[in-house]
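The values are calculated or read from the model by the stated rules, or taken from the named source; none is laboratory data. Being a predicted model, the structure only gives us computed values, none of them experimental. Quick reminder, even Gly has a Cβ in these numbers, built from the backbone with ideal geometry, and neighbours come from all protein chains shown.
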Amino acid sequence: MKNIIIYTIGLLVLSGCKKQDDWLNKKSNKADIIPSTADDFQALLDNTDIMNIGYPAIGVIGADNSYVLEQIATTSGTVPERNAYKWAKDIYEGNLFASDWTKPYRVIEYANVVIEGVENVKTTDNKLLEIKGTALFFRAFAYYQLAQIYAKQYTESSAKTDLGLPLKLNSDVNLLPDRSTVKETYNQIIQDLHDAESLLPSKVSFKTRPSKFAAQGMLAKVYFNIQDYQKAQEFANKVLTETAELIDFNTLSTTANFPFPTIRNNNSEILFYAETINYTLNSRQNMAVVKDLLDSYEENDLRKIVFYKFNVNGTVNFGGRYSGAGALFCGIALNEILLIRAESSARMGNLQEALDDLDLLLKNRWKKENGISMYKNKSAKNSEEALSLIILERRKELPFTGNLRWEDLRRLNLDSKYAKTLYRNIGGQNYNLEPNSSRYIFPIPPVEINFHPLTQNIR
């Protein structure tokens, strides 16, 4: 364990985070440090450059909400970015590393150090137990993000045999686990989140730290992804019963490049803050929004003018990032939790509950005239019609929330009514991505296969 702790702290020092340096400066020998106190463990988890920034974003590039101009598609960004954009069989072309893999696994290593450290103390101290809950949450969050890129979409009939992730649950660098199954991967994520929920406080000082509500929101998200809609609704209820302060879009600027607060605590909808890798093809300047998404917004829907900036060359860029800046937010927010509950209700036949949640969200997105919302409540003849409305609103409300659209494509492709083939044309060459294609699963980076012979994903 000592070796991995020394290695991990070495990474921490390189990060240059002031809070960690303050802690390290108190130690006599920075080359050989084993964290042992609550302050030590908290300092590790408060390294936002590691724990909150740099989650996978390659799925955003492969999804259907955006495109890039041909010159950008062929010359800009990294080779894996350009290949992901056209759903190529060979993503890496000799490139050994992939940040979409290495960055979340670094989060997992930090979390494992803290979990083991707290367990070795054998304490009932509330502060240390809260810290353990934080580490468990981060580990689950990182594994969930990885599973959306490197594992097959959860399907109950095959989850026990489909290849999942290597589950690293300790800090020993000499222990290199083989790939688990998809079932085992999600079981671990869910167990970590349940354990975290029991240890975390309801309120936290900073939204870069998870709260009990963040753990419940993440449980709703995970259960939703594996199509356990009853459990998804249950945990969404826990969040929304206690906190449901939605942003009234009438209070936001319609001219600012980034209309949402740059100070994370000032965004009332954020439960937990995280952001993705800043890929060139996902930058505000390069990522253009597709026409069918733009055309789906109705008159007086403020999202169209708050989220998007219309350029003189005819392209439209997305500025509605909950990061308040260039990075794409990929944490947990109330708007997603509300839509999880709405869709879960529709799928369980609770028509009015589903529509009520949809109306609650959209009333806060619609233009007001003389202080009165111009929004008119949605109606549906049956739950299936309501479901179609909600699925559309998920795309409109959460178009670039991390890999969420990519996740939805994978999940919805399991149902022939919502399955969709994606198309691109680059330089006269046509490309497509069929529903349930193996290319919805990215290959593990070659360096990992070379270092430890894991079974590779077939594309």
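A few notes on this one:
- When Glu116, Glu184, Glu156 are checked against the criterion of being out of contact with any Asp or Glu (no Cβ under 6 Å at 6 or more places or on another chain) and over 30 Å from Ile458 (Cβ atoms), Glu116 stands alone in meeting it.
- Subset tally (residues that are touching a Gly at 6+ places or on another chain (Cβ under 9 Å) and more than 18 Å from Tyr440 (Cβ to Cβ)) for segment 76-101: 2
- Of all the criteria given as (1) closer than 28 Å to Met374 by Cα; (2) of a type outside the set (Phe, Trp, Tyr); (3) surrounded by fewer than 20 Cβ atoms within 10 Å (Cβ to Cβ), the one not satisfied by Leu240 is (3).
- Condition check for Glu448: crowded, with 16+ Cβ neighbours inside 10 Å, acidic (Asp, Glu), outside any strand (DSSP E or B) and in contact with a Phe, Trp or Tyr (Cβ under 8 Å, 6 or more places away or on another chain): yes
Conditions (1) under 30 Å from Gly54 (Cβ atoms); (2) surrounded by 18 or more Cβ atoms within 10 Å (Cβ to Cβ); (3) over 23 Å from the mean Cα position of the chain (by Cα), marked per residue:
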site: Leu358; (1), (2), (3): no, yes, no
site: Lys367; (1), (2), (3): no, no, yes
site: Glu385; (1), (2), (3): no, no, yes
site: Arg394; (1), (2), (3): yes, yes, no
site: Gly402; (1), (2), (3): yes, yes, no
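- Failed condition for Leu165, given (1) free of Cβ contacts under 8 Å to residues at least 40 places away in the same chain; (2) part of a loop (DSSP other than H, G, I, E, B); (3) of a type outside the set (Gly, Ala, Ser); (4) under 22 Å from Gly402 (Cα atoms): (2)
- Residue in segment 224-237 that is surrounded by the most Cβ atoms within 10 Å (Cβ to Cβ), counting only those that are of a type outside the set (A, V, I, L, M) and either touching a Leu at 6+ places or on another chain (Cβ under 9 Å) or without any contact (Cβ under 8 Å) to a residue 12 or more places away in the chain (or both): Phe235
- In the condition set (1) crowded, with 19+ Cβ neighbours inside 10 Å; (2) within 16 Å of Tyr273 (Cβ to Cβ), Phe206 is compliant with all but (1).
- Residues of segment 103-134 satisfying the condition of being farther than 17 Å from Gln188 by Cβ and touching a strand residue (DSSP E or B) at 6+ places or on another chain (Cβ under 9 Å): Lys103, Arg106
- Check on Ile72, assigned to a helix (DSSP H, G or I), aliphatic (A, V, I, L, M) and either surrounded by fewer than 20 Cβ atoms within 10 Å (Cβ to Cβ) or at pLDDT 95 or above (or both): yes
- Flag for Asp49 being assigned to a loop (DSSP other than H, G, I, E, B), at pLDDT 95 or above and within 18 Å of the chain's Cα centre (by Cα): no
- Filtered residues of segment 75-133 (kept if of a type in the set (Lys, Arg), modelled with pLDDT of 95 or more and in a loop (DSSP other than H, G, I, E, B)): Lys86, Lys89
- Of the numbered criteria (1) polar (S, T, N, Q); (2) within 20 Å of the chain's Cα centre (by Cα); (3) surrounded by fewer than 23 Cβ atoms within 10 Å (Cβ to Cβ), the one Gln216 fails is (3).
- Residue in segment 237-256 that is within 26 Å of Leu45 (Cα to Cα), in a loop (DSSP other than H, G, I, E, B), more than 20 Å from the chain's Cα centre (by Cα) and not hydrophobic (A, V, I, L, M, F, W, C) present: yes
- Restricting segment 310-356 to residues that are without any contact (Cβ under 8 Å) to a residue 24 or more places away in the chain and within 28 Å of Ala288 (Cβ to Cβ), the residue that is surrounded by the most Cβ atoms within 10 Å (Cβ to Cβ): Phe310
- Test: residue in segment 292-305 that is at pLDDT 95 or above, in a loop (DSSP other than H, G, I, E, B) and buried (at least 17 other Cβ atoms within 10 Å of the Cβ): yes
- Residue count for segment 356-387 satisfying the condition of being in contact with a strand residue (DSSP E or B) (Cβ under 7 Å, 6 or more places away or on another chain) and either not hydrophobic (A, V, I, L, M, F, W, C) or not in a strand (DSSP E or B) (or both): 5.
- Every listed requirement among (1) in a helix (DSSP H, G or I); (2) under 26 Å from Tyr143 (Cβ atoms); (3) modelled with pLDDT of 95 or more is met by Phe442 save one, (1).
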